[in-house]
1. For the list (1) in contact with a strand residue (DSSP E or B) (Cβ under 7 Å, 6 or more places away or on another chain); (2) facing chain A (nearest Cβ under 10 Å); (3) among the aliphatic types (A, V, I, L, M); (4) surrounded by 23 or more Cβ atoms within 10 Å (Cβ to Cβ), I need the number of the one condition that B:Leu227 fails.
2. Within the range B:216-234, how many residues turn out to be over 20 Å from A:Ala169 (Cβ atoms) and at pLDDT 95 or above?
3. Residue under question is B:Lys56, and the condition is that it be crowded, with 19+ Cβ neighbours inside 10 Å and over 22 Å from B:Val93 (Cα atoms); does it hold?
4. B:Ile41 - would you say it is out of contact with any His (no Cβ under 9 Å at 6 or more places or on another chain), within 17 Å of B:Gln131 (Cβ to Cβ) and either surrounded by 14 or more Cβ atoms within 10 Å (Cβ to Cβ) or touching a residue at least 40 places away in the same chain (Cβ under 8 Å) (or both)?
5. Here are some residues: B:Gly39, B:Gly95, B:Gly113, B:Gly76. Which one is under 17 Å from the mean Cα position of the chain (by Cα), at pLDDT 95 or above and not assigned by TED's automatic domain parsing to the domain that holds B:Gln303?
6. Output the residues belonging to the range A:39-69 that are closer than 29 Å to A:Val164 by Cα and touching a Phe, Trp or Tyr at 6+ places or on another chain (Cβ under 6 Å).
7. Within the bounds of the range B:88-98, is there any residue that is touching a Ser or Thr at 6+ places or on another chain (Cβ under 9 Å), buried (at least 22 other Cβ atoms within 10 Å of the Cβ) and within 26 Å of A:Leu177 (Cα to Cα)?
8. Failed condition for A:Thr168, given (1) surrounded by 16 or more Cβ atoms within 10 Å (Cβ to Cβ); (2) more than 9 Å from chain B (Cβ to nearest Cβ), with all others met?
Protein chains: 2
Amino acid sequence: MTSRTEWVAVDWGTSNVRAWGIGADGEHTFAVGSDKGMGRIARAEFPAVLDELIGKQADGPNLDVVICGMAGARQGWLEAPYLDTPANLNALVGGAVRPEGADVRFRPRILPGVCQRQAGHEDVMRGEETQLLGLLRLKPGFEGVAIHPGTHSKWVEIRDERIVRFSTAMTGELFELLSEHSVLRHAMTGERTGPATEDGVAEGMSAGLEHPERLTSLVFRTRAAGLIAGKGADWCAGYLSGLLVGAEIGGHRDWLGRGEVPLIGSARLCRLYGAALAKIGIQSFAIDTADATIAGLKAARAQVA
Amino acid sequence: MTSRTEWVAVDWGTSNVRAWGIGADGEHTFAVGSDKGMGRIARAEFPAVLDELIGKQADGPNLDVVICGMAGARQGWLEAPYLDTPANLNALVGGAVRPEGADVRFRPRILPGVCQRQAGHEDVMRGEETQLLGLLRLKPGFEGVAIHPGTHSKWVEIRDERIVRFSTAMTGELFELLSEHSVLRHAMTGERTGPATEDGVAEGMSAGLEHPERLTSLVFRTRAAGLIAGKGADWCAGYLSGLLVGAEIGGHRDWLGRGEVPLIGSARLCRLYGAALAKIGIQSFAIDTADATIAGLKAARAQVA
């Protein structure tokens, strides 16, 4: 980590912010992060948070800082208007905005998100578009559907280096809501005896894949199986998790062709989604979110630098 | 309200408890209620709560009190073990339990719930079975599917005065969770301008009926439509509500035959479900929950009195 930092890549999400110093040969010169995500700070605080995060690393003026994610939302540092679908991923940097107020040592630029305005299919993303630009660098020429499993999973169809259409599934947030705030929480906080998590995951996944249309009912089975079928907290948590992932995938089956599906997310979620896809005969491969993000930010900067 | 109270009908739910005095000709001699539902009181408190509720009305010993609902749950006053499907609705009173500890003026009896143990379809109800016994008195000979819209909606198939199978949909609870605790709450607390609630309900309902399998994604449209399509808080709340009801019905379409569907619930929910059913050519009629419950408790008591 002794080489000179040429510029800084930043992923500024709702909950967290991460920054990587990038050297002349694309090597990482540092990696830092904090929990000062967009949702936790006021607009006026962005310059100070950036300084706090990377100030020690800047050794001259005008250090390029390329930012993706929620910093460009309306409630963020400065709104970077969405690109519309079909969105050319190579046009991201052209839609970037330059916020005022940063220390003179930095020259920050925020990449836009992408939106889909088609009536009945309105949707928005901020951050995934940059990961997808990264995917195109890591897998040149990729066409097909990529999935970003997460709190708000994204399904994105890519053709000719463009986002053709996409769909956001609230799978991760539904799991949190149901397991923490709903009547199902009772099934997941009881005795941790009975069948294991993996059995529950497998059973929930099959149910969701086969009957995604019955999701509002299948979720209640978590509670009923706890009450009358001797299923413990582990099984119930696994069942709910597998069910929601299965229903997300089952409901998007018509999006899937025969090609291998890139899963861009955490290792744990990529394994879970990969297992569900395998059940319906679809192969997939995992890409870590940070790897895709950095590759995307590098590609974006290369297009102007 | 001057005639003598022969017995008392009680609906003891999770959140509330309601009691009706019944005279010799089936007329109501009083109606009382409180928020001391099963979920809000300890086991030992049930006798005192009952006394508080109807003590003033008892003018002799051994007043029959027939109770349905969550008072018979494991965490309730005394567990009334479930009847298994196929469950004969005329056998409810035979499965009733008699809790100890009530004042000598009362002779309480708690009706059982019904459970479905079939692996993969585990489900439970407490209260709706009594309403369905009531339905059989209000509509003698009814066969087909009845729906109880609510926090946990129930779909119940009835043949030969038996509950053949049933399915619980967490529709009402999902609406509460999503509108109060999820990212969608932002879409529902903004300006109340833009298109009206009814437009949102209609659009959400159509989407849910047509694509119940895509529910995890369609819910996110609430947020996106607020962000990029100028939809205000009213529309968004209507859309989410219509979507969840539509998805519940759309996901249970194979349960519906050609017959008229009884909707047992509040007037507001029955209107909403009735409108959604009409969109797919199904006729329905509404029965108020209290009317069905009282009819059911009367029928149960008549079977032993």
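The values are calculated or read from the model by the stated rules, or taken from the named source; none is laboratory data. These numbers come from a predicted model, not from an experiment. For neighbour counting, all protein chains shown are included, and Cβ atoms are generated from backbone atoms with ideal geometry for every residue, glycine included.
1. For B:Leu227, the failing item is (4).
2. Of the residues in the range B:216-234, 0 are over 20 Å from A:Ala169 (Cβ atoms) and at pLDDT 95 or above.
3. On the way: crowded, with 19+ Cβ neighbours inside 10 Å: no; over 22 Å from B:Val93 (Cα atoms): yes.
The answer is no for B:Lys56.
4. Judged against the criteria, B:Ile41 is not a match.
5. Unique residue meeting the criteria: B:Gly113.
6. A:Val65, A:Ile67, A:Gly69
7. No, there is no match, as no residue in the range B:88-98 is touching a Ser or Thr at 6+ places or on another chain (Cβ under 9 Å), buried (at least 22 other Cβ atoms within 10 Å of the Cβ) and within 26 Å of A:Leu177 (Cα to Cα).
8. Only one criterion is unmet by A:Thr168, namely (2).
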